[in-house]
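Working notes, beginning with the structure itself.
The values are calculated or read from the model by the stated rules, or taken from the named source; none is laboratory data. The structure presented is a predicted model; accordingly, all values stated were derived computationally and were not measured. Quick reminder, even Gly has a Cβ in these numbers, built from the backbone with ideal geometry, and neighbours come from all protein chains shown. In case anyone asks, the SASA skips ligands and DNA or RNA and just uses the protein heavy atoms, side chains included. Shrake-Rupley method; radii C 1.70, N 1.55, O 1.52, S 1.80 Å.
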Amino acid sequence: MLIMGGKQKWTIADEVLKESFRTLGIDVLYFPLFKKNAIERLNDIADSYEPEQDDINSSIELAGEWVKIYAEQIKLGLSKLWVSTYADYRVSWPKDDSANEAYNNVCKNFGEEKADKDLAIFTKSLCDDPVFVKSYIDFFHDGFMDAENRAHEYTNLYKSLIEKGKSPIYAEKYTICYLDDYLPVSCDLYASKYVECITKGIDGNKAKTIAEEYENYCNPHFPQNEADKGFADVYIKGFEYAIVNDIDSPEEFAKEYQRVYYNSEKRPSYVAKGEYDDIINKLLISNR
């Protein structure tokens, strides 16, 4: 150890560090970083108690892990701040957590645009499949700490649905539901209704609301007899009308639609472009 300013400053002999560094099999360019990291780790320990040989060994070992991660990441074209932050955490933290810390640090110091650029590079280093890249970044920003695993699962299921002839929108919505632990029948109900709404020209947010209600309402009745399915469909037609036309209490409106539908000699039909049966017009007026 060395004495500096009246305080103990611990160091490690160069020959010991060089011997350990050679076993890493990386460019000698990174030796100064390895040395600095090992000594910093040792002195962090010395802040609490006098280090022993095991502490010196562990400082060298962790510095070796750190510098290997650093060398791998820097070659990808990531910023030095991302790389150093990621390596600091990755030595003892999971991959997604470490990436989150790196992203936040770059965002804090250089802005969101730079952080997003680093994130895109990092994501492609995990897997360069476009479906994976998009889903990983989405899950990352949604705060999932298992973003990589979820993105791989998403990619595999999404592609299998596309291969079966499903549309990209259906595949996306089905897969998201599945990853949220919905039963396959519920995933199909939601995705099918969402696609139907989008095809009619309904706004995406409203389509989401309608599809969620469809899945929630129909699932207890599905699959059963045709009468039950018809009863559920009538409710959803009323609910969809209410959402599209911004009617308050869409659930109550849908129930009233059901009541009128089944108690009237007329069976009103739903048309997306604004041509509605007289009974629906009367119900609309009564809700204003």
Going through the range 21-57 in order, the residues found to be open to solvent by 40 Å² or more (accessible area, probe 1.4 Å) and of a type in the set (Ser, Thr, Tyr) are THR23, SER48, TYR49
Name the residues in the range 81-104 that are more than 23 Å from ILE60 (Cβ to Cβ) and either over 20 Å from the mean Cα position of the chain (by Cα) or in contact (Cβ under 8 Å) with a residue 12 or more places away in the chain (or both), would you? LEU81, TRP82, PRO94, LYS95, ASP96, ASP97, ALA99, ASN100, GLU101, ALA102, TYR103
For the range 173-189, enumerate the residues that are among the charged types (D, E, K, R), part of a helix (DSSP H, G or I) and more than 15 Å from TYR217 (Cβ to Cβ). LYS173
If you go through the range 123-156, how many residues are of a type in the set (Val, Ile, Thr) and open to solvent by 50 Å² or more (accessible area, probe 1.4 Å)? 0
Just checking: which of the helices (runs of 4 or more DSSP H) contained wholly in the range 78-157 hold 2 or more residues that are within 26 Å of CYS177 (Cα to Cα)? 95-110, 112-126, 130-141
Among residues belonging to the range 189-202 that are open to solvent by less than 30 Å² (accessible area, probe 1.4 Å) and of a type outside the set (Phe, Trp, Tyr), point out the one that is modelled with the lowest pLDDT. LEU189
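Quick grid of which residues meet (1) under 21 Å from SER135 (Cβ atoms); (2) in contact with a Lys or Arg (Cβ under 7 Å, 6 or more places away or on another chain); (3) open to solvent by less than 20 Å² (accessible area, probe 1.4 Å):
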{"position": "TYR158", "(1), (2), (3)": "yes, no, no"}
{"position": "GLU163", "(1), (2), (3)": "yes, no, no"}
{"position": "PRO168", "(1), (2), (3)": "yes, no, no"}
{"position": "GLY204", "(1), (2), (3)": "yes, no, no"}
{"position": "ALA211", "(1), (2), (3)": "yes, yes, yes"}
{"position": "TYR217", "(1), (2), (3)": "no, no, no"}
{"position": "ALA242", "(1), (2), (3)": "no, no, yes"}
{"position": "ASP248", "(1), (2), (3)": "no, no, no"}
{"position": "GLU252", "(1), (2), (3)": "no, no, no"}
Quick one: which residue in ILE279, ILE236 is part of a helix (DSSP H, G or I), touching a Lys or Arg at 6+ places or on another chain (Cβ under 8 Å) and modelled with pLDDT of 60 or more? ILE236
When residues of the range 1-19 are limited to those that are surrounded by 17 or more Cβ atoms within 10 Å (Cβ to Cβ) and modelled with pLDDT of 90 or more, the one farthest from GLU61 (Cα to Cα): ILE12
Report, by residue number, each residue of the range 204-232 that is among the charged types (D, E, K, R) and either at positive phi or modelled with pLDDT of 85 or more (or both). LYS206, LYS208, GLU212, GLU213, GLU215
Evaluate the following for GLY111: is it modelled with pLDDT of 95 or more, among the small types (Gly, Ala, Ser) and within 30 Å of GLU40 (Cα to Cα)? yes
